[in-house]
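> Take a look at this one; I'll ask things after.
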Amino acid sequence: MLQIQDTLVTLDLVERFFCCDLEACKGQCCLDGDAGAPLEEGEADEIRRILPEIWNDLLPAAKAEIEANGVSYIDEEGDEVTSLVEGCNCVFATIGADGKWLCAIEKAYREGRVDFYKPVSCHLYPVRLKKYDSFTAVNYHRWKICKGAEILGRSKGIRVYQFLEGPLRRRFGDEWYDELRTTCEEYLRQYGSTGE
């Protein structure tokens, strides 16, 4: 583990390679899983605020779920997460013209229709955060559907912490990320890694 300010960061962020490969996975991370995407405080309110702008991009079943139960719920661990369609795909997952799944919130952001990018937990994926009393654990979640991303990351020489620079800066700030990058670079100089 690497200690960066009040976080403990798994060595997977420096040792492993990663670069999303939508051609390989088709956006499957928006569909599979046993819970919705974790939401930071205030993110459900942001989603409700922009909901009218993304409503027409949502699938009929997603609209029905939101109308019946809202944009989020409290999961078994007591965390607020995005609602799911029939316990499977995120209500904000939509199908692009190319057949790939994508986030309706991110789509609207990229088109300049909303000012909220998407939940930070989605932006950070494959990193997952776990908050404890005195620190936050920054973990790497390995998932078979992301195998293509690991292969592409290795071929391009992009490590997890490099691929996620933007999301990590968004969540923890520039000073935190700069310290992480320096620490990772020093770690690789000293120990190297195959990223296996």
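> Could you grab the pairs with beta carbons closer than 6 Å, sequence gap of 6+ or different chains, first residue in the stretch 94-106 and of a type in the set (Gly, Ala, Ser), second one part of a loop (DSSP other than H, G, I, E, B)?
Partner pairs satisfying both residue conditions: Ala104/Leu58; Ala104/Phe92.
> Only residues that are open to solvent by 20 Å² or more (accessible area, probe 1.4 Å) and either in a strand (DSSP E or B) or in contact with a strand residue (DSSP E or B) (Cβ under 7 Å, 6 or more places away or on another chain) (or both): list them for the stretch 158-171, please.
Ile158, Arg159
> Then there's this: Since Tyr177 meets every condition but one in (1) in contact with a helix residue (DSSP H, G or I) (Cβ under 8 Å, 6 or more places away or on another chain); (2) without any contact (Cβ under 8 Å) to a residue 24 or more places away in the chain; (3) open to solvent by 40 Å² or more (accessible area, probe 1.4 Å), which condition does it not meet?
Failing condition for Tyr177: (3).
> Given Arg142, Arg154, which one is over 22 Å from Tyr117 (Cβ atoms), among the charged types (D, E, K, R) and not in a helix (DSSP H, G or I)?
Arg142
> From Ala64, Ala68, grab the single residue that is more than 27 Å from Val138 (Cβ to Cβ), without any contact (Cβ under 8 Å) to a residue 24 or more places away in the chain and touching a strand residue (DSSP E or B) at 6+ places or on another chain (Cβ under 9 Å).
Ala64
> Of the residues Gly148, Gly96, Gly87, Gly70, which single one is within 21 Å of Glu46 (Cβ to Cβ) and either at pLDDT below 90 or open to solvent by 20 Å² or more (accessible area, probe 1.4 Å) (or both)?
On inspection, the qualifying residue turns out to be Gly70.
The values are calculated or read from the model by the stated rules, or taken from the named source; none is laboratory data. Bear in mind the structure is a predicted one, so any value in this text is a computation, not a measurement. Because the Cβ atoms are built from the backbone with ideal geometry, glycine has one as well, and the counts that use them run over all protein chains shown. When the accessible area is computed, the model is the full protein with side chains, heavy atoms only, and any ligands, DNA or RNA have been set aside. Shrake-Rupley method; radii C 1.70, N 1.55, O 1.52, S 1.80 Å.
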